[in-house]
Each structure stands twice: as C-alpha cells, then as structure tokens.
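Here, each number is a calculation from the coordinates, and none is a lab measurement. Worth saying up front: this structure is predicted, and the values here are computed from it rather than measured. Cβ: placed from backbone, ideal geometry, glycine included. Neighbour counts: every protein chain shown.
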Amino acid sequence: MPLSPEELIRPEVIALRAYHVPDAQGMIKLDAMENPYELPQAMREEVARLAAGAALNRYPDPSASELKQLLRHAMRIPAEADILLGNGSDEIIQLIALALNRPGAALLAPEPSFVMYRMIATFCGMRYVGVPLAERFALDREAMLSAIDREEPALVFIAYPNNPTGNLFDESALEAILDAAPGLVVMDEAYHAFAGASFMPRLSRYPNLLVMRTLSKLGLAGLRLGFLAGARRWLEQLDKLRLPYNVNVLTQVIAARLMENVGTLEEQARRIVAQRGGLLDALHGIEGVEVFSSDANFILFRIAGARRVFENLKEQRVLIKLLDGTHAMLRDCLRVTVGTPQENTLFIAALKTSI
Ligand SMILES: *Cc1c(COP(=O)(O)O)cnc(C)c1O
C-alpha cells in the first residue's frame with residue numbers, strides 16, 4: 001500500500017485551510033478590492049492588438065527589462081533601487097519567505113493583517129509571530145518594538161495601508177520599527193494608489209527596507225503582476241529563487257503598454273477615492289454600523305449579527321467579505337470594496353434591508 005496524502009504531506013500543510021474564493025457568478029462583486037471600471041475602448045483594442053502580435057511560441061524575456069523600465073517610470077521607483085517582478089505580489093511574499101526560512105527564523109506582522117503573511121510563513125516553514133493592533137486598529141508601537149526585541153524576526157511585513165482594516169499606520173512608529181528591526185522589513189503597498197503615502201522615497205535611508213506593490217488593486221488583477229523595489233544586494237539574492245519565466249509574455253507586453261498610459265488607471269483610482277467618501281458617509285448614516293476610516297479602496301465596518309447581514313446581502317446578489325471568525329479583533333466585521341456609484345448605491349440599499 002502506498003502512503004496516503006496525510007502520511008506524506010507535511011502536517012502544517014494538512015492543517016492549513018485553503019484560501020477560499022467564493023463563486024461570484026451573477027453577483028455585484030464587492031469582496032476582493034478589484035477596480036470596478038473597465039479600460040477605455042481604445043486601450044482594450046490596443047490590448048487585443050498586442051495579444052495578436054505576441055510571440056506565444058517563445059519563452060518570455062526572463063529579465064522583463066522593457067517592462068521594468070516602464071514600471072520604474074510609471075511608479076516613480078528611485079534610480080538607485082533594483083526591481084524584482086512577481087506573478088502577483090503574493091508570489092513575491094512567498095519568494096522572500098523561501099529565502100529567509102532558516103531554522104527558527106520568524107516572520108512578524110501586526111494582526112489582523114493580510115492573511116497570506118501567516119499562510120505563506122506556515123507553508124514555507126517560517127515561524128509566524130502576530131502582534132495585535134491597538135485601539136481602532138492603530139499600530140501598537142510598544143508591542144511591536146518589544147516583539148521585535150524578543151523574537152528577532154528575520155522578516156517583518158507591514159501592509160501600508162493595512163488590509164483588512166484600511167488604515168495607514170503612524171509613520172514615526174514605522175520608522176522606529178525600521179530602526180529596531182534586525183532583519184528585512186517589507187512595506188506592502190498594495191493600496192498605494194488610494195493612499196497618497198509611501199515608503200518608496202525612504203529606500204535609500206533604510207538598507208533593510210524593501211517596498212512591494214502590485215497592479216492588482218489599480219485595475220489589473222487579472223494580469224498578475226507585482227513588484228519589489230529595493231537594494232540590489234537583497235534583490236539579487238531573492239532573484240535566484242524566482243522561477244525564470246514567472247511573468248508571462250502577455251502580461252509583459254500588455255502591462256508595459258498600460259504603464260505608458262498609467263494616468264488612465266490613476267484617474268480611475270481617483271474616482272474610487274471620491275466614491276469612498278460617499279460610501280463612508282452613507283455607512284455612517286446607518287444606525288448600528290460602526291465604520292472605520294479608510295486610506296484604501298475598501299471600507300471595514302462592524303454591525304451586530306454580521307454573519308446574518310452577510311448572508312442577507314448575498315441573497316440579494318451582493319457579495320462582500322465576512323471577516324467575523326477570522327480574528328478576535330474582527331468580531332462582527334465586514335469589508336466592502338468601493339465599486340461604481342451604481343454598485344455602491346445598490347449595496348447601501350441592500351444593506352439597509354439586510355439589518
Ligand atoms: C491584494 C493584496 C496583495 C496581493 O496582491 P496580488 O494580486 O497577489 O499582487 C498583497 N498584499 C496585500 C496587503 C493585499 O491586500
């Protein structure tokens with residue numbers, strides 16, 4: 001008899017719960033921080049033309065040098081920083097954890113935060129250390145500094161703004177963490193387009209800082225492209241673990257051209273930020289809803305009986321994210337992505353009848 005999966009697979013993998021993506025067929029989809037707007041028709045035609053002309057019979061350029069150059073310009077990456085590309089930024093998190101998972105090495109992150117930090121740490125064999133956030137999800141500066149002192153983490157992940165809470169953490173607390181951390185600190189700026197704050201300009205000041213971004217929340221979630229910016233001495237080591245063709249031919253040519261027109265995506269992001277204000281106001285106006293401020297393209301809120309509210313919304317074909325049960329601090333919390341004006345209006349109307 002050959003061994004069973006349970007006998008062969010690492011127990012920490014067996015114990016993991018798979019990242020669940022619900023079926024969103026026919027739903028108003030406000031669960032995954034996607035940009036609700038399509039590309040303008042002219043750009044869609046340009047994408048079709050690029051796809052038609054792409055050399056699908058050839059392997060992609062393993063260094064993706066043209067794309068990197070356009071990204072550097074579009075994302076204002078400092079000239080002295082190197083760039084590493086990933087198949088989404090999730091892949092980059094995994095790559096960093098794979099490189100740093102010496103025996104006993106820890107990945108530390110505030111929590112609640114992005115669930116993939118814990119998940120990837122676990123399946124890459126790193127020790128995960130979560131440090132609870134303070135009141136209203138502010139960074140607990142003292143708790144972070146003492147955990148760093150005690151655990152000496154090889155890797156600290158900070159989502160800036162944080163997901164699922166939506167807020168930016170205090171800059172001076174983050175600088176204190178950068179000064180205190182003995183290992184690598186990665187600022188995950190997935191929501192940069194909606195935040196107006198970044199650690200990118202501080203790359204030259206902190207030798208152990210890397211800044212990670214993704215095109216997913218900016219409107220290109222389907223393309224799968226994330227990047228890491230920072231000192232060559234770090235990125236040249238991490239690059240050894242990157243599979244050579246991780247960014248495919250279509251993504252390379254399409255993302256490169258779209259970066260030349262990044263203003264269109266940034267304009268959509270500005271519309272989303274404007275809508276966020278209206279959605280915050282509408283949520284504040286509903287009795288029994290506790291709303292948290294947001295620097296991202298989603299809003300966290302709390303309501304008694306969140307699970308039932310979530311199900312009621314789903315019955316009305318509105319899909320948001322239920323966070324109750326994922327972390328003690330997220331009891332009765334829900335997260336809604338900012339959609340188009342029509343989607344937001346429908347969501348608010350559906351929410352009022354769901355309470
Ligand atoms: C969405 C998200 C990512 C992952 O984005 P990719 O689509 O894999 O590029 C990374 N970090 C945070 C905090 C996110 O919310």
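Odds and ends about this structure:
- Positive contributions from Lys and Arg (+1) and negative ones from Asp and Glu (-1), summed over other residues with Cβ under 12 Å from the Cβ of A74, come out at +3.
- Convex hull of the range 275-355 built on C-alpha atoms - directionally averaged projected area, nm²: 4.7
- Overall form of the range 101-237 per C-alpha gyration tensor (a/c, 1.5; a/b vs b/c): rounded
- Computed on the Cα trace of the range 1-91, the radius of gyration divided by the Kirkwood hydrodynamic radius gives Rg/Rh = 1.10.
- Dipole of the range 155-291, positive end: most advanced residue of P164, A193, S204 [Cβ charges, Cα centre]: S204
- Gyration tensor (alpha-carbon) shape descriptor, the chain, a/c threshold 1.5: rounded
- Lys/Arg +1, Asp/Glu -1 at C-beta; the range 224-336 dipole; positive extreme among L250, V262, V336: L250
- For the Cα trace of the range 41-189, dividing Rg by the Kirkwood Rh returns an Rg/Rh value of 1.06.
- Its Cα gyration tensor gives the range 49-89 an equivalent ellipsoid, and the semi-axes of that ellipsoid, as √(5λ) in whole Å with the largest first, are 23, 12, 9.
- 10 Å beta-carbon shell around E175, net charge (K/R +1, D/E -1): -1
- As a proxy for reagent exposure, ranking I83, I14, I93 by other Cβ atoms within 10 Å from fewest up yields I14, I83, I93.
- Computed from point charges on the beta carbon alone (+1 for Lys and Arg, -1 for Asp and Glu), the dipole magnitude for the chain about its Cα centre is near 500 Debye.
- With both residues required to sit in the chain, DSSP beta bridges show an antiparallel share near 50%.
- Rg/Rg_ref, the range 210-355, where Rg_ref = 2.2 N^0.38 Å and atoms are Cα: 1.30
- Placed amide H near N162: partners under 5 Å, 5+ positions off or other chain: N167, L168, F169
- Computed over the alpha carbons of the range 120-177, Rg followed by Dmax gives 11.8, 32 Å.
- Residues R49, R335, R118 arranged by fewest to most Cβ contacts within 10 Å: R49, R118, R335
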